[in-house]
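Every read-out reported here was derived from the displayed coordinates using simple, explicitly stated rules and does not represent laboratory data. Note that the structure is predicted; figures quoted are calculated from it, not measured. Don't worry about glycine lacking a Cβ; one is built from the backbone with ideal geometry, like all the others, and counts go over all protein chains shown.
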Amino acid sequence: MDTTSLHEQTLAKATELLRDRFGFSDFHRGQQEVIERLLAGQSAAAVFPTGGGKSLCYQLPALLFDGVTLVVSPLISLMKDQIDALTARQIDAARLDHSLSEEDYGRTLERARQGQLRLLYVSPERFNNERFRESLQSMQVALMAIDEAHCISEWGHNFRPDYLKLPHYARSANVQRILALTATATPAVLNDICRQFEIAPENAIRTGFYRENLALHFVPIDNNSRDGTLSQLLKQQPPGPTIVYVTQQRTAEQLAGQLADEQFAARAYHAGLDADTRASLQDWFMQSDEAVMVATIAFGMGIDKANIRYVYHYNLPKCLEGYAQEIGRAGRDGLMSSCCLLANPADRVVLENFVYGDTPSLQAINDFVREVFAHPTEFEMSHYDVSFRCDIRILVVQTLLTYLQADGWLEAGTPRYAEYRFQPQHPSVKILGKFSGERREFLASLFRQARQARTWFHIDLQQATQRLKTTRDRIVRALDYLAQQGDIQLKASGLRHRYRCLRKPTAPAELSLELHEKMTARETAELERIDQVLALIQSDGCQTKRLGAHFGEPLGADCGHCTWCLNGHEQLKLPDMPRPAIDASVVRNAKALVSEHTVLQQDVRNVAKFLCGLTSPRLQREKLTRHPLFGSLSHVPFAQVVAEF
């Protein structure tokens with residue numbers, strides 16, 4: 001059979017699966033093009049709007065491949081929803097996350113190794129687990145699908161250093177093809193995705209950003225009119241599933257309470273709630289036709305609810321990418337839906353302060369550089385320990401290390417755990433009785449290296465490797481095998497990241513300054529993203545058109561249903577943002593406090609972070625986050641607080 005005939009047969013089979021397994025008569029726009037690339041053995045990128053059907057692009061091909069499809073997603077809620085839906089269609093799918101028992105974790109890995117799973121869902125952080133990476137070597141991975149792929153790009157709005165390691169892990173596991181998926185990629189971000197995942201430009205499929213059933217409304221308000229305006233808008237519209245996005249967790253709780261008092265079916269959702277509560281709230285929202293979910297951006301990703309009629313932004317979104325993703329959750333059934341942003345420029349203060357909170361002081365980066373390059377050529381370290389000692393947030397530590405790797409200072413090795421602990425499920429005599437000869441003697445010697453606590457035995461792997469004169473990999477494989485057989489429960493702790501120093505700086509202070517300039521450049525870029533949101537609101541032109549242009553997708557004509565189009569082409573004017581006064585007593589008491597704490601003496605920005613309510617490892621360690629002055633100027637722009645001190 002020639003290649004063309006085989007391709008036609010495979011595509012016919014895909015169309016049959018679309019109908020019989022997924023219940024659709026036709027592919028959505030772009031889906032067939034992506035699936036054809038994958039079935040031809042090529043890697044691809046899919047930039048579809050939220051609700052555009054990205055998940056089908058890997059779920060359907062997974063049924064045609066020999067081997068497992070590995071889905072990498074940062075969203076546990078997406079994993080849960082998709083696995084439930086796939087299971088209902090009698091498709092074998094599972095996930096690996098912290099909620100699984102050791103027994104379920106081992107069983108899931110074994111099913112993947114044996115080829116019994118079609119899809120296996122994991123988070124990017126799962127690749128830090130050496131047991132998982134070891135298991136990957138014995139899996140046939142036909143496809144690695146990477147959701148939220150824009151996180152790999154430093155040009156994107158949600159850069160995550162863990163994503164940068166995914167291309168390496170894909171190569172080491174001999175992944176046959178890659179699919180990178182995102183709803184929010186500017187042209188620069190899409191180019192970055194394709195470059196790092198080695199995707200041919202012609203295999204990057206972008207469908208139109210514009211959805212004609214979404215009406216974009218922008219309402220200028222101030223602090224005093226915000227609540228009343230939202231309440232009035234909710235009452236004016238026919239009831240329908242609604243999401244109200246807010247910036248802070250406490251706002252979600254307060255606003256949901258207020259709306260519930262007004263007889264709306266309103267509840268709050270945010271990352272501060274426990275997993276069971278979040279799952280229960282999500283189920284409630286999915287089943288209701290009148291639910292009003294007041295939520296931070298922790299809610300919505302992976303929510304497959306077609307009839308969301310309204311999306312309100314109670315606070316300004318922090319960037320256009322986030323805004324586009326959030327409004328994209330409305331109207332997936334194709335019916336007209338309203339997306340309304342309550343535009344209050346005072347919200348900029350909180351958004352700016354979040355940005356400033358991530359920028360470490362020059363002194364903190366000096367400490368970081370000294371610590372990293374004090375190590376020998378080959379070394380291990382804990383990111384959390386470095387974060388704690390240098391007073392830099394953990395994600396920023398990871399970003400700085402990424403910069404050092406990109407600039408040729410460091411080479412990252414495979415992370416591994418410092419300690420393993422196990423709980424025997426049978427007496428050691430029974431476990432050892434299953435083995436003979438050298439293997440039995442090895443396991444007996446390994447057990448003798450363990451020290452017992454109450455119910456768990458602990459093994460220091462470095463020490464055990466030296467005493468047994470063996471390799472670390474053999475010990476890990478042995479423990480993992482015993483866990484798979486149900487002989488032990490196994491847990492790992494003390495994640496250590498391995499690095500090789502390629503060169504050491506002759507002028508550490510210059511390197512520190514260079515890294516600090518990179519971080520302040522990131523800070524500037526994030527502040528510019530907030531400006532882009534305000535510019536969209538105040539556009540002198542079709543706002544939908546301007547949003548499409550941001551994503552490299554210009555519209556040919558005005559949309560006809562955004563605020564600018566509906567208001568007779570009138571440009572919106574936002575209220576002036578007042579410059580809040582700083583209480584003199586706060587300044588006086590804060591200056592007295594500075595004299596007592598070195599962390600506040602190191603950099604005036606540390607004082608501003610403290611007063612604006614922005615945490616850092618050292619502020620927490622010195623219990624300053626519990627001080628009455630902490631957050632006392634959270635309503636004041638960060639730059640104004642810096643200028644005051």
Check: What number, in percent, do you get for the relative contact order of segment 416-500 if the mean sequence gap of Cα pairs under 8 Å and at least 6 apart is divided by its residue count?
Finding: 52 percent
Notebook entry, point to check: Separation of segment 306-367 and segment 272-303 by C-alpha centroid, Å?
Noted result: 17 Å
Margin query: Given Cβ point charges of +1 (Lys, Arg) and -1 (Asp, Glu) and nothing else, what value in debye, to the nearest 20, does the dipole of the chain about its Cα centre take?
Written below: 2060 debye
Next item on the list: Write down the Å³ per residue value for the convex hull defined by the alpha carbon atoms of segment 113-217.
Entry: 131 Å³
Notebook entry, point to check: Helix-derived [θ] at 222 nm for the chain: sum -39500 (n - 2.57) over DSSP H runs of at least 4, divide by residue count, nearest 500?
Noted result: -13500 deg cm²/dmol
Check: Under a point spin-label approximation (7 Å from Cα along Cα-to-Cβ), what is the residue 517-residue 625 distance to one decimal in nm?
Finding: 3.3 nm
Notebook entry, point to check: For segment 214-353, what is the Kirkwood hydrodynamic radius in Å, using each pair of distinct C-alpha atoms?
Noted result: 15.0 Å
Checklist line | Ratio of Rg to Rh over segment 266-425 (Cα coordinates, Kirkwood Rh, two decimals) | finding: 1.10
Note to self: Through the Karplus equation 6.51 cos²θ - 1.76 cosθ + 1.60, θ set to phi - 60°, convert the phi angles of segment 568-576 into ³J(HN,Hα) values in whole Hz; use x for Gly and Pro.
What the structure shows: x, 6, 9, 6, 6, 10, 8, x, 5
Notebook entry, point to check: Setting aside same-chain residues fewer than 8 positions from residue 235, which lysines have a Cα under 23 Å from its Cα?
Noted result: 305
Notebook entry, point to check: For the chain, what mean projected area does the convex hull of the alpha carbons give, in nm²?
Noted result: 33.5 nm²
Notebook entry, point to check: For segment 1-118, what is the largest minus smallest coordinate of the Cα atoms on each principal axis, given in angstrom and ordered from greatest to least?
Noted result: 47, 34, 26
Notebook entry, point to check: Over its Cα atoms, what ratio of radius of gyration to 2.2 N^0.38 Å does segment 306-401 give?
Noted result: 1.66
Checklist line | Mean separation of Cα contacts under 8 Å (6+ apart) over length of segment 3-206, as relative contact order % | finding: 27 percent
Notebook entry, point to check: Is segment 61-129 best put as rounded, prolate or oblate by its Cα gyration tensor, with a ≥ b ≥ c the root eigenvalues, rounded for a/c under 1.5, and otherwise prolate when a/b is larger than b/c, oblate when not?
Noted result: rounded
Note to self: Sort 389-397, 617-625, 452-460 by packing, meaning the average of other beta carbons within 10 Å per residue, with the highest value first.
What the structure shows: 389-397, 617-625, 452-460
Note to self: Can you give me the long-range amide H partners of residue 313? Hydrogens built in the peptide plane at 1.01 Å from N, cutoff under 5 Å, separation of 5 or more residues or another chain.
What the structure shows: 245, 340, 341, 342
Checklist line | Under-5 Å amide H pairs with residue 95, H placed in peptide plane, nonlocal only | finding: 121
Check: How big, in percent, is the set of alpha carbon pairs in segment 280-340 lying more than 17 Å apart?
Finding: 34 percent
Item checked: Residues whose placed amide H lies under 5 Å from that of residue 266, excluding near-sequence neighbours -> 260, 292
Checklist line | In segment 272-372, GluC sites (Glu not before Pro) in a DSSP loop with at most 14 other beta-carbon atoms within 10 Å | finding: 290
Notebook entry, point to check: Which percentage, to the nearest 5, of the DSSP beta bridges contained in the chain is antiparallel?
Noted result: 30 percent
Item checked: Value of D in µm² per second that Stokes-Einstein yields for segment 584-644, Kirkwood Rh from Cα pairs, at 37 °C (0.692 mPa s) -> 292 µm²/s
Next item on the list: Principal axes first, then extents: for the Cα atoms of segment 227-302, list largest minus smallest coordinate on each axis, whole Å, largest first.
Entry: 33, 25, 21
Margin query: I'd like the distance separating the alpha-carbon centroids of segment 524-539 and segment 94-138, in whole Å.
Written below: 41 Å
Checklist line | Inverse of mean 1/r across different Cα pairs in segment 3-206, Kirkwood, Å | finding: 17.1 Å
Item checked: Distance between segment 391-435 and segment 615-635 - C-alpha centres, whole angstrom -> 32 Å
Notebook entry, point to check: Over its Cα atoms, what ratio of radius of gyration to 2.2 N^0.38 Å does segment 416-500 give?
Noted result: 1.06
